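Below: the structure, in C-alpha cells.
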Amino acid sequence: MKERAVIAFDHHTAEWVEDPYSVYRQMRDGCPVAYSEAHGGFWLLSRYEDVREALSDWQTISSNFPGRIAIPHTTPGPAPGIPIEFDPPQHTQYRSAVSTFFSPGEVKKLEPEITRLAGELIDAFIDQGECDIVRDYATPLLAYSLALFLNLSLADVAEIERWADAIFAGRLKDPEGAKRAQAALADYIGEQMSARKLNPGDDLFSTLVQMEVDGTRLTDTELLGYGRIILLAGREAVIDGLSNSLWYLAGQPEKRLRLNSEPELLRPAVEEFLRFMSPIQLLGRVATKEVELYGQTLHEGESVAMTYGSANRDERIFQEADRCLLDRKPNPHLAFGGGPHYCLGAHLARLVIRVGISCFLQRIPEFSLSTDRAAERKPNGDARGFKTLPVEF
Ligand code: HEM
C-alpha cells in the first residue's frame, strides 16, 4: 500500500482564500487524491471526472451522515438536513415532492417581480455614487426573492437575514451565537409549518406539511430539517454568485459593454461566472467502505471533499480554464454539484443572478471598485465570496 499523500491544505486560511487556484492546479496535476490533516482530516478529489463520478456513487461516497457535509463538520442538530443529508432511495422520495416548485417554468414567473425589486434597490443608492454590492444589493435581492418564492411575509426578511448571517458568518468565530440563531430560525420554521397545517395554501411549505413518505406525513423534526435547508442552502451561494460576478465586471469595461449590447450573452455569462468563481468551493461526503483511487486507500468513515472549485478549473475538461470567457460553450461546470444532489434551486439561483447583473449594468454601466474602501473576502474558503464589496460610479 502506498503511503498517504498528505498535503498542507486548509481552505479556511487567508493564504488559501487569496489564491486557491494554484493549489488546486498542483493537486490536479501531481496528487489528484490527497489527504489533508486539517479539521480532523479529509480526502480531497480535485479532478473534474473524479468529482463527477463520486457524486453519482452514493453507495461508496455517501451524503447520509448528518453534520458531515461541511468541513469542519457541524454538530448535527435535532433534524438532519433534508434532502441533502440523505442518499437515495429516501432522498428521492423527499426530493420529488417539491421538485416542480423549482422548475424553470415556475421560477420564470418570478422574473418581473425580481426585476422590480432590483430596480428599487438600485434607486436607493444610485444617487450616492457608491454602494456596497453585498450589503445594499446582492443580500437584499436574494432575501426578497426567496421570500417571494416561498410565500413568506416580506416583513420577516430582515430577521431571517440576521439569523442566516449569524449561522454562516458566526460558524467559525461565534459558535454560541450561531446556535442561538439556529434555535430562533427553528422556532420560525415551526410557526410557518403550523400555520400551513391549519390553513394550507399552494406554496412549497404547504406541500411539505401535506406530503407523505411511505404513507406517513413528515414529522415536525423532518419539517424543520427540510425547511432549514430550503431557507439556508442556497442563500449564501446566490449572494456570492452575484457579488463575484459584479466584482469581476467592475474591472472589465469591455465585457460590461458587451453584456449590455448583447443581452443574449447573459445566460452563458452567468454559467461562466459560476464556473470561474464557484460560490461553493467544496463540500463533504463520507466513504462507506474501503476505496482505492490512484493508489491511495480511503477508509470507511473518512471524509471526502468534492472540490467543485478545482473541478471547474480542470483543463482536462475546460480549455483555457483560467480565463473567464462569457460565451464559453459547452460549459458542463459542477458549480451546482451533480448526481442526485444536483442543486434543487439552480434555476432560481440563475434567475436572481442574471436579473441582478442585468439590472445593475443597465442602470450603472460604468463602475469600479472603491478607491477609498477595499473589498474584503470572506474568511471561510468553502464559500467563495465577499464580506464587503464597495464600488463607486
Ligand atoms: C449560485 C447559487 C447556488 C449554488 C452555487 C448552489 C450549489 C449547490 C450545490 C453544489 C449543491 C450540491 C450539494 C452537495 O453536493 O452535497 C446544492 C444542493 C442544493 N441546493 Fe443549491 N446552490 C445555489 C442556490 C440554491 C438556491 C437558491 C436554493 C433554494 C432556494 C438551493 C437549494 C439547494 C438544495 C435544497 C440542495 C440539496 C439538493 C439535494 O440534496 O437533492 N440552492 N446546491
Looking only at residues that are surrounded by fewer than 20 Cβ atoms within 10 Å (Cβ to Cβ) and under 28 Å from Ser261 (Cβ atoms) in region 329-348, which one is nearest to the ligand (Cβ to nearest atom)?
Ala346
Test result for Phe86, within 14 Å of the ligand (Cβ to nearest atom), hydrophobic (A, V, I, L, M, F, W, C), touching a residue at least 12 places away in the same chain (Cβ under 8 Å) and farther than 15 Å from Leu224 by Cβ
no
Search region 114-168 for residues being in contact with a strand residue (DSSP E or B) (Cβ under 8 Å, 6 or more places away or on another chain) and hydrophobic (A, V, I, L, M, F, W, C), and hand back the single one that is farthest from the ligand (Cβ to nearest atom).
Phe125
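Determine, yes or no, whether Pro379 is within 17 Å of Trp247 (Cβ to Cβ) and touching a His at 6+ places or on another chain (Cβ under 8 Å).
Judged against the criteria, Pro379 is a match.
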Does any residue of region 312-328 turn out to be basic (Lys, Arg), more than 25 Å from Ser370 (Cα to Cα), near the ligand (Cβ under 9 Å from one of its atoms) and buried (at least 22 other Cβ atoms within 10 Å of the Cβ)?
no
Residue selected from region 43-70 under the condition closer than 16 Å to Ala311 by Cβ and in a loop (DSSP other than H, G, I, E, B), by the criterion nearest to the ligand (Cβ to nearest atom)
Asp57
Every residue in region 111-147 that is in contact (Cβ under 8 Å) with a residue 12 or more places away in the chain, farther than 20 Å from Asp240 by Cβ and either under 23 Å from the mean Cα position of the chain (by Cα) or surrounded by fewer than 12 Cβ atoms within 10 Å (Cβ to Cβ) (or both), please.
Glu111, Glu113, Thr115, Gly129
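Residue-by-condition table, conditions (1) assigned to a strand (DSSP E or B); (2) under 30 Å from Ser358 (Cα atoms); (3) within 10 Å of the ligand (Cβ to nearest atom):
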site	(1), (2), (3)
Glu272	no, yes, no
Arg275	no, yes, no
Ser278	no, yes, yes
Gly284	yes, no, yes
Lys289	no, no, no
Glu292	yes, no, no
Gly301	no, no, no
Ala305	yes, no, no
Gly309	no, yes, no
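Laboratory data are not the source of any read-out in this text; all were calculated from the coordinates shown. Predicted model only: the values in this text are computed from it and were never measured. Using ideal geometry, Cβ is built from the backbone for each residue, glycine included, and neighbour counts are taken over all protein chains shown.
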